[in-house]
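Shown next, in structure tokens, is the structure this report addresses.
The values are calculated or read from the model by the stated rules, or taken from the named source; none is laboratory data. Since the model is a prediction, treat every value here as computed from it, not as a measurement. Note that each Cβ is placed from the backbone with ideal geometry, even for glycine, and that neighbours are counted across all protein chains shown. We work out accessible area using only protein heavy atoms, side chains counted, and drop any ligands, DNA or RNA first. Shrake-Rupley method; radii C 1.70, N 1.55, O 1.52, S 1.80 Å.
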Amino acid sequence: MRLNNTEKTLSGSLADIRARIGFAQGLSPLASPNVTLLGASKSQPAAVIEEAINSGVCDFGENRVQEAAEKWPALRTAHPQVRLHLIGALQSNKAQQAVDLFDVIQTVDRKNLVDALVVAMAKSGKRPECYIQVNTGHEPQKAGVLPSEAAELIRYCRQQNLPLTGLMCVPPEDDVPAPHFALLRSLAIANDISGLSMGMSGDFEEAIRMGATCVRVGRILFGER
Ligand SMILES: *Cc1c(COP(=O)(O)O)cnc(C)c1O
């Protein structure tokens, strides 16, 4: 059931979003030629996710390890091409489960989690790509490393041989997002990191104009939760 637009099918919404992505890419010299559209599928039932897969969405993000463990093993067996990303906070004691379930872990934000992931990867032989989440808004309740501590955490990941490929942020809800995207971009450039996961339903075009390589959309693809 989609509540945002009673007329629109998921594949219609997807076509709109893809068109908007393409248009935003054309508007800025900073835009990446390759932008991954990630469907933020928290609280979406398997049947809706399946519809998105059949419409051509290849990347999905889940917020909770437990929810992903319930929904995704069957979906993955049926659709082995899909890439599953963790986009919610990860407790160290769930690192092994996360390594076993996800292709990309976007929310690495502290050294003890890096340690737990390194151990888990050694155990399973699986090496999901990792992104560091940066708390660009310095919000005390939010996950993510502070911008001033990002370089040190990046160094630590590399020293520990974690497969670090990107940075991710979730700007404060009532802030203008552009400065947060610009900050994340500058941290990526300064530290020689190519992946930039930023932008959600309300601001993904802005994020693309600032160089996003992955945008995470929930509501405008699936409808209101
Ligand atoms: C839910 C969620 C999204 C998608 O948000 P929408 O506003 O529904 O597009 C993106 N990123 C994270 C980390 C989320 O939790």
Amide hydrogen neighbours beyond the local backbone of L196, cut-off 5 Å, H modeled: L167, T213, C214
Volume of the Cα convex hull of the stretch 143-225, divided per residue and given in Å³: 110
Volume per residue that the Cα convex hull of the stretch 144-192 spans, once the total is divided by residue count, Å³: 74
Linear extension gain, Q81 paired with D115, 0.36 nm per residue minus alpha-carbon span: 9.3 nm
Whether the stretch 115-167 is rounded, prolate or oblate, judged on the alpha carbon gyration tensor where a/c under 1.5 counts as rounded: prolate
Stretchable slack from S194 to A151, in nm (0.36 nm times residue separation minus alpha-carbon distance): 14.0 nm
Under 5 Å, built H, 5+ apart or other chain: amide partners of A40: G61, V217, G218
Computed magnitude of the charge dipole of the stretch 130-225 (debye, nearest 20; Cβ of K, R +1, Cβ of D, E -1): 340
Two-site FRET efficiency, S28 against E173, from Cβ-Cβ distance with R₀ of 25 Å, rounded to 0.05: 0.55
Top positive-direction residue, dipole computed over the stretch 88-225 with Cβ charges, set C157, L146, P179: C157
Solvent-accessible area, 1.4 Å probe, carbon plus sulfur percent, for the stretch 85-187: 51
Relative contact order for the stretch 81-123, counting Cα pairs under 8 Å that sit 6 or more residues apart, in percent: 44
Nearest-0.05 FRET efficiency for D16 and S92, computed from C-beta distance (R0 35 Å): 0.35
Heavy atoms of H138: accessible area, 1.4 Å probe, square angstrom to 10: 110
Under the Debye formula (equal points on every Cα, no solvent term), log10 I(q)/I(0) of the chain at q = 0.08, 0.12, 0.17 Å⁻¹: -0.27, -0.62, -1.26
Table column - 3J(HN,Hα) (Hz), the stretch 74-81, Karplus curve with 6.51, -1.76, 1.60, x for Gly and Pro: 5, 4, 5, 4, 6, 9, x, 6
The stretch 75-225, relative contact order in percent, only Cα pairs under 8 angstrom and at least six apart counted: 16
With at most 16 other Cβ atoms within 10 Å, longest stretch of the chain clear of loop GluC sites (Glu not before Pro) (DSSP): 8-172
Distance (nanometres) between label positions extended 7 Å along Cα→Cβ at E67 and N161: 3.5
Charged-residue dipole, Cβ positions (Lys, Arg, Asp, Glu), the stretch 1-73 about Cα centre, Debye nearest 20: 180
Of A46, L113, G56, farthest towards positive along the dipole that unit charges on Lys, Arg, Asp, Glu beta carbons give the stretch 42-128: L113
